[in-house]
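Undergrad: My questions will all concern the structure given below.
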Amino acid sequence: MSTEPLPIGPDRDALISLMRETWPDAVVATIESAAFFSLDEKHWPNFATVVWTDEHDMGAPSRLSRPGVYRLNIGVGKETFQRLVGSITEPDYAAFDRVLPHPVYAKQRWISILNPSHATVRATVLPLLTGAHDRLAAARARQRTETPGKPTSSSIT
């Protein structure tokens, strides 16, 4: 298991703020230990989550109880998942600043990263989040055209 120091990067609140500013159309549901980003308050799963507790992960693989540690989770497409993490056989889920398969939802093509550095946010996280957001937005647009008269989503915080 990883014992490395926290990378220099945005803390959890700064990352959540960046995501809210970058995708103002996102519906953000916040609970005590997580923030969920979607495009429609009636339709989940979402395109990203930020979590800071291990309560939903069997065995606490990410060790989120360490001070200042959080995990960003992103839903990606099949090709992206395979390209980024498909060959990882024994991930260190507690390692910082590395794109890994999600410790619970990898089968649904979710990836995760603990405390990304500023460089990783710019080069990797923002493009992945944009892709996840846009993929979900396209799916929602297709659903609206298939069911005319359905109300559009509104942004809540």
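The values are calculated or read from the model by the stated rules, or taken from the named source; none is laboratory data. Computed from a predicted structure; not experimentally measured. Because the Cβ atoms are built from the backbone with ideal geometry, glycine has one as well, and the counts that use them run over all protein chains shown. Only protein heavy atoms, including side chains, enter the accessible area calculation; ligands, DNA and RNA are left aside. Shrake-Rupley method; radii C 1.70, N 1.55, O 1.52, S 1.80 Å.
Undergrad: At 1.4 Å probe size, with every protein chain present, just tell me what the per residue accessible area of the chain comes to in Å².
TA: Value for the chain: 55 Å² per residue.
Undergrad: Next question, about the same structure. What does the charge add up to near V85, with Lys and Arg as +1, Asp and Glu as -1, over the other residues with Cβ less than 11 Å from its Cβ?
TA: +3
Undergrad: Sticking with this one: Specify the angular offset, from 0 to 90 degrees and rounded to the nearest 10, of the alpha carbon long axis of helix 12-22 from the longest principal axis of the alpha carbons in the chain.
TA: 30 degrees
Undergrad: Counting only protein heavy atoms and using a 1.4 Å probe, what share of the accessible area of the range 11-76 belongs to carbon plus sulfur, as a whole percent?
TA: Exposed carbon and sulfur together represent 56 percent of the surface.
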